[in-house]
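A quick write-up on the structure given underneath.
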Amino acid sequence: MKQVIWTAAIAGALLAAPAVADVKAGVEAWQRGDYRVAVSEWRGPAVAGDADAQFNMGQAYKFGRGVPADLAQAEEWYRKAALQGHPQAEENYGLALFENGKRLQAIEWLEKAAGRGAPRAQYVLGTMLFNGDAVTKDWVRAYALIVRAAAQGLPQASASQAQMDGYISLQDRQKALELARVYERDAGRPSVAAVQPPRRTPQPGAVGRTDLPPSTAYQPRDPIPAPAPTQSAQTRPAPPIVRPAPKPTSAPTATAAIRDGGWKLQLGAFGEAGNAQKLWSQVGGRFPGRKVSYVKAGRLTKVLVGPFASSAEASAACRGLSPCVPVRE
């Protein structure tokens with residue numbers, strides 16, 4: 001899908017700052033699939049302090065295009081651009097800190113992005129507030145942020161809102177909706193009362209990766225690992241963001257033997273191996289009889305589950321879980 005790459009303000013800056021031409025040339029190379037050329041065009045301006053180039057370098061390292069995937073490098077480039085006020089870099093820096101286990105550092109940047117209406121930041125921050133994860137538990141504010149993210153079409157947020165309905169009182173939900181309207185007004189967005197989506201089950205492959213990492217006009221929609229729920233002795237347990245599979249009604253029989261057709265599922269890639277193991281502890285119940293393997297790819301640890309007999313069987317096992325990608329060995 002064609003993306004808007006250059007805003008008028010950026011295009012106008014080309015005359016005053018010729019180095020930006022390298023950033024634009026890098027974006028054009030990226031669109032052609034020449035990722036190494038794109039990175040080589042961006043690196044000089046990024047080192048020189050160009051925020052767009054720094055953000056694009058972060059995207060390249062995050063997705064492993066033109067350079068080896070490296071979440072630590074991605075985080076550092078996002079940080080450089082975020083400190084200059086780059087909006088998408090602020091959001092991605094907060095999300096990268098969260099993914100890399102730096103929850104307390106992530107809060108400041110997630111707050112900034114959520115305040116501008118970024119749905120992924122709203123979803124993660126809302127979940128942290130609901131679970132009391134690195135922040136004081138606040139179900140009213142959590143619900144308000146989740147509603148805002150759901151209203152913008154983020155499927156994980158819609159699923160979480162439905163789950164939260166079973167835990168938060170009607171009175172607190174009404175308070176949260178009022179707070180959400182205040183947030184929407186402050187961000188200059190439409191009222192959530194007019195755009196709240198109906199309750200629905202998220203569809204397979206709900207949030208896809210966007211490969212292009214252009215300048216400030218671009219808002220990527222790459223998936224993030226679901227925040228892990230916590231337990232509290234004084235409240236009902238927080239609902240999981242990734243729903244577990246229903247328990248089988250009967251023990252498996254010999255006719256349900258698992259066949260190996262060379263297919264597996266990749267459930268994510270993590271900079272810290274402990275996070276890969278944590279994900280499996282949350283979703284392993286979905287895959288009875290399957291084996292998990294943790295495969296190193298540079299600094300990342302991939303979570304692979306299998307075997308599966310065919311692509312269709314692997315795709316069916318992915319339903320309702322994101323990220324989840326069938327791969328063949």
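The values are calculated or read from the model by the stated rules, or taken from the named source; none is laboratory data. Source: prediction; values computed, not measured. Positions of Cβ are generated from backbone atoms using ideal geometry, with glycine treated the same way; all protein chains shown enter the neighbour counts.
Restricting attention to region 162-176, and to residues there that are in contact (Cβ under 8 Å) with a residue 24 or more places away in the chain and under 24 Å from the mean Cα position of the chain (by Cα), which single residue is surrounded by the most Cβ atoms within 10 Å (Cβ to Cβ)?
By that ranking, first place goes to ALA176.
Name the residue, out of VAL37, VAL27, that is part of a helix (DSSP H, G or I), at pLDDT 90 or above and within 25 Å of the chain's Cα centre (by Cα).
VAL27
Give me the pairs, please: first residue somewhere in region 38-52 and in the same structural domain as TRP77 (by TED's automatic domain parsing), second residue anywhere and outside any loop (DSSP other than H, G, I, E, B) and surrounded by fewer than 22 Cβ atoms within 10 Å (Cβ to Cβ), beta-carbon distance under 6 Å, and either six or more positions apart or on two chains.
What qualifies is ALA38/ALA29; GLU41/ASP22; GLU41/ALA25; PRO45/ASP22.
Would you confirm, using the coordinates I've provided, whether GLY132 is on the phi > 0 side of the Ramachandran plot and in contact (Cβ under 8 Å) with a residue 60 or more places away in the chain?
yes
Kindly provide the set of residues from region 262-286 that are within 22 Å of ALA316 (Cα to Cα) and in contact with a Leu (Cβ under 8 Å, 6 or more places away or on another chain), ordered by number.
Once the filter is applied, which keeps residues that are within 22 Å of ALA316 (Cα to Cα) and in contact with a Leu (Cβ under 8 Å, 6 or more places away or on another chain), region 262-286 yields LYS264, LEU265, GLN266, LEU267, GLY268, ALA269, LEU279, TRP280, VAL283, ARG286.
Confirm whether ARG79 is surrounded by fewer than 24 Cβ atoms within 10 Å (Cβ to Cβ) and at pLDDT 95 or above.
Judged against the criteria, ARG79 is a match.
Scan region 51-71 for residues that are part of a loop (DSSP other than H, G, I, E, B) and among the acidic types (Asp, Glu) and jot them down.
ASP70
Does PRO45 meet the test of being of a type outside the set (Gly, Ala, Ser) and in a loop (DSSP other than H, G, I, E, B)?
no
If ASP260 meets every condition in (1) in a loop (DSSP other than H, G, I, E, B); (2) surrounded by 15 or more Cβ atoms within 10 Å (Cβ to Cβ) apart from one, which number is that one?
(2)
Residues checked against (1) under 30 Å from LEU97 (Cβ atoms); (2) without any contact (Cβ under 8 Å) to a residue 40 or more places away in the chain; (3) assigned to a helix (DSSP H, G or I):
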{"residue": "GLN266", "(1), (2), (3)": "yes, no, no"}
{"residue": "LYS278", "(1), (2), (3)": "yes, no, yes"}
{"residue": "TYR294", "(1), (2), (3)": "yes, yes, no"}
{"residue": "LEU304", "(1), (2), (3)": "yes, no, no"}
{"residue": "GLU313", "(1), (2), (3)": "no, no, yes"}
